[in-house]
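The next block holds one structure in the form of structure tokens; read it before the comments.
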Amino acid sequence: MDSDVIIIGAGMGGLFAGAFLAREGLRVTLLEKNRGYGGGLSNFVRNGESYETGMHVAGGFYPGGNLYGICSYLGIADRLSMTDADIMAHVIDIRTGREFDLPSGSEAFVRSLSREFPDSAAEIEAYVKALQRVASEERRFFFRNATDGEHSDEFTMPADEFIAKYISDTDLRRLLAFQRPLYAGVDGQTPAFLHAMISSVFMERSQFFTDGSQSLADLLACVIEKAGGQILTADGVTKVNVEDGQVTYVETLSGKRYQADWYVSDIHPCALVEMSGDKAFPSYYVRRLHDIPDTSSAFKLYVRLKQGRLSALRHPVFIIGVDGWPFEEAAFMCPDKTDPEFCSHMTVLAEMQPDEVRQWQDTRTGHRGAEYSAWKKSRMDRMMELLERAFPGIADNVAECFGASPLTFRDWTGSRNGSMYGYRKDSGNLLMSMLSVRTKVRNLLLTGQNVNMHGIGGVPMTAIDTAEYILGRNYIIDRINKTIN
């Protein structure tokens, strides 16, 4: 089948970009190396239990939210099942021994924290107003046409400095940064707008995917396929042929060649460069792609619980103030599919630097050796130790647990070093770390978490930019606004 657009990779960015283009009548083909599609949205099954790969909690899918607006435009909002969290999050500060139930809604959030930190009440109110103000400066996030010169100094200042500007209590500062694992924050570097946008969205209303995040991937696939597009899995692109400054075809592992007018890459830009040959891109552009640092990777612990033993928690749980590794840890409690009153499993995320697994970097899943297995078990034991401190008696309720290291994520997603969120955004040099969807090849575009923002809030917005480069500036934004207004 001839295509108007070939998309390399069927992760979240590729699916959203493909859905936007298909919605507007373009013939789209997605080529994915894995057996399934979805990337961070995908689920996997082990011993009968379904686990989410990366997307455990979300925001913006409620009426009035930006992701709800996108899904309405795509015609899938009424088919996407979301469960509201009962609160924004439960946070356990191991350093102080204090625990906090943070409610949803900015006014309730301010009241709750003001009771916990009465001497900081005025600072908390000022901080939340500043948080909302900085988030609102990302105009595209709220479907407003972007104009130049509208960002304040706070927008690009380091997130930790932004918090400290308003909050004097160090314990409160640590608490307000509890979502750092969701954007791999780095003191002195991560810009405040990332912190503000993620924090404000989840503060308004946190949600879970009732049937797992794969359900969103499946709905996006339906949009593509209903319009005559296709998603081809287990046959990833291995070569991007560039002649006279444009792509003429891509070739997959099986030797098949695909041609289109436009090509979109949803893979790491450095992997794209390797597929494209030495002369496809200018050397200065290649150096830039290689020089941008990645965000940290992660270690994940998946815990299957004994049936009917642990009551369901309908909110994420964050553990902060840990001495040594992991420096920040987030635990996500998932309700049992057969009995919603109980948890069937939990997924625990901890940041990890790729240097921890550097000695096994030339290995593949299932063939890393006994030394790696012993190291991996030590990290799983450490995470279980912290979980036991947070949830006394949890160990007696465990039926099975297994882990995923930075190498697991590298091999699954194709990201360099198993990075959680692609390129790291540096407030001191945003021009260096923020990529355009355009490349130096005329008909080759970028999408996904390495461009602009990452995560469920950012990747769809980048996909809009990618699609609008083909369709026209503000083309999709205008259609979303007509749908929701």
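The values are calculated or read from the model by the stated rules, or taken from the named source; none is laboratory data. Please read all numbers here as calculations on a predicted model, not as lab measurements. No Cβ is skipped: glycine too gets one built from the backbone with ideal geometry, and neighbour counts run over all protein chains shown. Keep in mind that these areas ignore ligands, DNA and RNA; they rest on the heavy atoms of the full protein, side chains included. Shrake-Rupley method; radii C 1.70, N 1.55, O 1.52, S 1.80 Å.
Assorted remarks:
- In sequence order, segment 454-469 has phi-based couplings of 10, x, 5, x, x, 4, x, 5, 5, 4, 4, 4, 4, 5, 6, 5 Hz under the Karplus curve 6.51 cos²θ - 1.76 cosθ + 1.60, θ = phi - 60°, and Gly or Pro positions carry x.
- Tensor-based shape of segment 211-299 (alpha-carbon gyration tensor, a/c under 1.5 rounded, otherwise prolate or oblate): oblate
- Principal axis box of segment 48-124, alpha-carbon based, largest edge first, Å: 48, 35, 16
- Mean ellipticity per residue at 222 nm, deg cm²/dmol - from DSSP H runs of n ≥ 4 across the chain, formula -39500 (n - 2.57): -10500 deg cm²/dmol
- Label-point gap, in nm, between Ser72 and Tyr372 - each point 7 angstrom along Cα→Cβ: 4.8
- Global form of segment 159-205, assessed from the alpha-carbon gyration tensor, a/c cut-off 1.5: oblate
- Antiparallel DSSP beta bridges within the chain, percent to nearest 5: 75
- Helix 192-204 and the long axis of the chain differ in direction by around 70°, with both axes built from C-alpha atoms.
- In terms of accessible area, using a 1.4 Å probe and ignoring ligands and nucleic acids, Arg173, Arg140, Arg111 rank largest first as Arg111, Arg173, Arg140.
- Pairwise FRET efficiency - Thr210 versus Asp291, Cβ, R0 = 51 Å, nearest 0.05: 0.75
- Three-way shape call for segment 123-215 based on the alpha-carbon gyration tensor, with the a/c threshold at 1.5: oblate
- Amide H within-cut-off set for Tyr421, under 5 Å, with H built and near neighbours excluded: Thr295
- Computed E for Ala395/Ser106 - FRET, C-beta separation, R0 35 angstrom, nearest 0.05: 0.40
- Modelled label reach - Arg309, point 7 Å along Cα→Cβ, segment 396-417 residues with backbone N closer than 15 Å: 396-402
- Ligands, DNA and RNA left out, the 1.4 Å accessible surface of the chain is 47% carbon and sulfur atoms.
- For the pair Lys279 and Arg358, the difference between a 0.36 nm per residue extended length and the Cα-Cα distance amounts to 25.4 nm.
- Rolling a 1.4 Å probe across all protein chains gives His56 an accessible area of roughly 10 Å².
- Treating each Cα of segment 350-441 as one equal point scatterer and applying the Debye formula with no solvent, the log10 of I(q)/I(0) at q = 0.13, 0.14, 0.19 Å⁻¹ comes out as -0.63, -0.70, -0.98.
- Alpha carbon centroid spacing (whole Å) that separates segment 427-454 from segment 89-152: 28
- Amide H within-cut-off set for Ser42, under 5 Å, with H built and near neighbours excluded: Thr53, Gly54
- Ranking by accessible area, most exposed first, for Arg205, Arg174, Arg133, Arg257 with a 1.4 Å probe: Arg257, Arg133, Arg205, Arg174
- Accessible surface, segment 206-264, averaged per residue in Å² (probe 1.4 Å): 44
- When you count the other C-beta atoms within 10 angstrom of each residue and take the mean per peptide, 184-196, 311-323 line up highest first as 184-196, 311-323.
- Crossing angle, helix 121-136 versus the chain [Cα axis fit, 0-90 degrees, rounded to tens]: 10
- Just so you know, the Rg over Rh for segment 5-101 is 1.08, from Cα atoms, with Rh as the Kirkwood radius.
- Tilt relative to the chain, helix 106-116 - C-alpha long axis, 0 to 90 degrees, to 10: 30
- Shape descriptor for segment 373-415: Rg over Rh equals 1.08 (Cα atoms; Rh from the Kirkwood inverse mean 1/r).
- Amide hydrogen neighbours beyond the local backbone of Glu400, cut-off 5 Å, H modeled: Arg304
- The string of couplings for segment 91-99 from the Karplus curve (6.51, -1.76, 1.60, θ = phi - 60°) is 10, 10, 9, 5, 5, 9, x, 8, 10 Hz, one whole number per residue in order, with x for Gly and Pro.
- Residue-wise HN-Hα coupling along segment 152-161, computed from phi with Karplus coefficients 6.51, -1.76, 1.60 (Hz; x: Gly, Pro): 7, 5, 5, 4, 10, 6, x, 4, 5, 6
- Projected onto planes of every orientation and averaged, the convex hull of the alpha-carbon atoms in the chain covers 22.2 nm².
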